[in-house]
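The values are calculated or read from the model by the stated rules, or taken from the named source; none is laboratory data. Quantities reported herein were computed from a predicted structural model and do not represent experimental measurements. Because the Cβ atoms are built from the backbone with ideal geometry, glycine has one as well, and the counts that use them run over all protein chains shown.
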Amino acid sequence: MLSQLSVAGDTTDRLETAGPDSARLDNAGLDNAGLDNAGLDNAGLDNAGLDNAVRVYARLALGVAFLSAVAARFGLWQGTFDLEHFASFVQYTGTVNSFMPAATIPFLAWAATITEIAFGISLTIGFRVRWVAFGSALLLALFATAMAVSFGLQSPMDHSVYSASACALLLALAESRRVRTEPVARASSRS
């Protein structure tokens with residue numbers, strides 16, 4: 001099955017048969033149109049380098065965001081360290097989880113805080129990134145859903161909580177792909 005696609009005035013074959021009933025699109029003519037990775041190859045960033053840079057950026061953005069949220073809970077952004085700020089966070093936890101029994105709120109506040117400290121440190125230093133990123137995606141999705149239930153869908157959307165959850169999930173998938181392909185890349189470089 002061959003088809004033609006015109007990109008920037010260049011008409012070339014774009015679909016090749018990959019099997020009896022399937023076809024694959026080979027970069028949709030981007031390389032021929034001068035759009036090879038948005039010019040990043042020419043800037044000295046190959047795909048592996050760009051993938052690594054994006055993974056590090058996502059890892060640090062998520063990790064530091066978790067640690068920043070915890071710092072705010074204890075007043076560190078205001079230059080103090082006290083439990084008065086944490087008491088406000090416990091109240092906020094009760095508001096976000098308005099559908100939960102009141103007796104569970106302090107546990108939820110502490111559990112979220114301890115989990116965010118662990119995830120924040122792990123992501124920042126790059127420890128068990130794949131599993132921590134999956135856990136982060138789940139934690140953020142639960143938080144966003146609790147916000148949506150208690151405040152309406154606009155609240156988690158305005159605060160980009162679902163976006164952060166998606167970022168964590170993409171990071172976990174990118175790490176999974178890296179872990180699967182890294183041994184193959186090392187073996188082929190030895191040959």
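Quick rundown of the values:
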quantity	calculated
Lone unmet requirement of (1) under 22 Å from A141 (Cα atoms); (2) at pLDDT 95 or above for A103	(1)
Residues of region 127-147 satisfying the condition of being crowded, with 20+ Cβ neighbours inside 10 Å and of a type in the set (F, W, Y)	F143
Options T93, T124: the member that is farther than 24 Å from R177 by Cα and in the same structural domain as A141 (by TED's automatic domain parsing)	T93
Candidate set from region 45-87 (those that are at pLDDT 95 or above and of a type in the set (S, T, Y)); member that is nearest to the chain's Cα centre (by Cα)	Y57
Which listed residue, of T113, T145, is farther than 15 Å from V56 by Cα and either touching a helix residue (DSSP H, G or I) at 6+ places or on another chain (Cβ under 7 Å) or modelled with pLDDT under 95 (or both)	T113
Residue match in region 107-114 (condition: more than 22 Å from A164 (Cα to Cα) and either under 27 Å from the mean Cα position of the chain (by Cα) or of a type in the set (S, T, N, Q) (or both))	yes
Some residue of region 93-101 being in contact (Cβ under 8 Å) with a residue 40 or more places away in the chain and in a helix (DSSP H, G or I)	yes
Residue tally, condition without any contact (Cβ under 8 Å) to a residue 60 or more places away in the chain and surrounded by 14 or more Cβ atoms within 10 Å (Cβ to Cβ), over region 161-172	6
